[in-house]
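Accompanying notes for the structure given below.
The values are calculated or read from the model by the stated rules, or taken from the named source; none is laboratory data. Remember, it's a predicted structure, so these values are computed and weren't measured experimentally. Here the Cβ is made from the backbone with ideal geometry for all residues, glycine too, and neighbour counts use every protein chain on show.
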Amino acid sequence: MYSKMLYMKTRVTFRVAKDLARSLRDLPNQTAFVEGALRSALGKTCPTCDGSGRTQWMTVAVSDFKEAKLPRLDRDGAVQLKSLVRLARELAASKLDLAARRHSPGFEFSLHRGREVLLRGSLAGNSTTFRPN
Amino acid sequence: MAYVITRLCRDCVDTSCVSVCPEPECIVEHRPLEGVSALPNQLFINPDQCICCSACQPECPWEAIFDEDEVPAAFAADITLNAISGMRPEEFVQAGIHTKPAPSADEVEANKRRWQT
């Protein structure tokens, strides 16, 4: 079955070091192994630059208050959020998600870099609380 | 939908809004790379950066900031003017904070009458 599938693939030739070539020859199914290794490597993109090679640390996507249906931000909350955005930039975070707290005023937040959650916590009044992740 | 700084800010340019805005590149001034600014002397909100938190609105002593949905008809053109900062961000810089004396209620009303006619 696999040998039939080989005819559907494109041949690619590349040079490798001698020791690696010896190891590859010992493998029972070289094509499947190399293809799997390449797909795995290509699928691993840097969470900071998203595979672009350029970090966009200046841009932290903060939740839009209207879209997220968040309550208006008062002066104290704005000052807290401003500091949090500054921290997000220093941590090269890519996203700052905000959500309204259910039973008390203020916001819950989570700070992300790609898929990784860097920090969680809450903003309430004139204080910011961080929770261990 | 973002917030909009209307012409009520022109030549007043109070930066109280900048001091509370959580987004560093949201409230900006026009500083073209070459020549003098052809835009009015006021602050602008970059709609691509605005997170609609509304913190800036009550801070403006000239009452110049509106939700885009609530901009008075007389100032509707200012929505486009603010949008320029999103279309040509390279011409705009983060607004600095300059302390100014707060205007009196009479001055605020006089400024509104000046622009609403």
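Taking the stretch B:19-29 as the region of interest, how many residues are surrounded by fewer than 21 Cβ atoms within 10 Å (Cβ to Cβ), touching a strand residue (DSSP E or B) at 6+ places or on another chain (Cβ under 8 Å) and not in a loop (DSSP other than H, G, I, E, B)? Qualifying residue count for the region: 1.
Scan the stretch A:90-110 and give yes if some residue there is within 17 Å of B:C26 (Cα to Cα) and within 13 Å of another protein chain (Cβ to nearest Cβ), otherwise no. Within the stretch A:90-110, one or more residues are within 17 Å of B:C26 (Cα to Cα) and within 13 Å of another protein chain (Cβ to nearest Cβ). Would you check if A:V85 is within 14 Å of another protein chain (Cβ to nearest Cβ), modelled with pLDDT of 85 or more, in contact with a helix residue (DSSP H, G or I) (Cβ under 9 Å, 6 or more places away or on another chain) and closer than 15 Å to B:E23 by Cβ? So A:V85 does not fit the description; no.
Residues of the stretch A:68-82 that are more than 8 Å from chain B (Cβ to nearest Cβ) and either surrounded by 20 or more Cβ atoms within 10 Å (Cβ to Cβ) or farther than 26 Å from B:S16 by Cβ (or both): A:K69, A:Q80.
Would it be correct to say that B:A55 is free of Cβ contacts under 8 Å to residues at least 40 places away in the same chain and within 20 Å of A:V79 (Cα to Cα)? When the stated conditions are applied, B:A55 passes them.
For the stretch B:34-54, does any single residue satisfy the condition of being touching a Cys at 6+ places or on another chain (Cβ under 8 Å), away from chain A (no Cβ under 14 Å) and surrounded by 13 or more Cβ atoms within 10 Å (Cβ to Cβ)? Checking the stretch B:34-54: at least one residue is touching a Cys at 6+ places or on another chain (Cβ under 8 Å), away from chain A (no Cβ under 14 Å) and surrounded by 13 or more Cβ atoms within 10 Å (Cβ to Cβ). Can you tell me how many residues within the stretch A:97-115 are touching a Phe, Trp or Tyr at 6+ places or on another chain (Cβ under 7 Å) and of a type in the set (D, E, K, R)? Qualifying residue count, the stretch A:97-115: 2.
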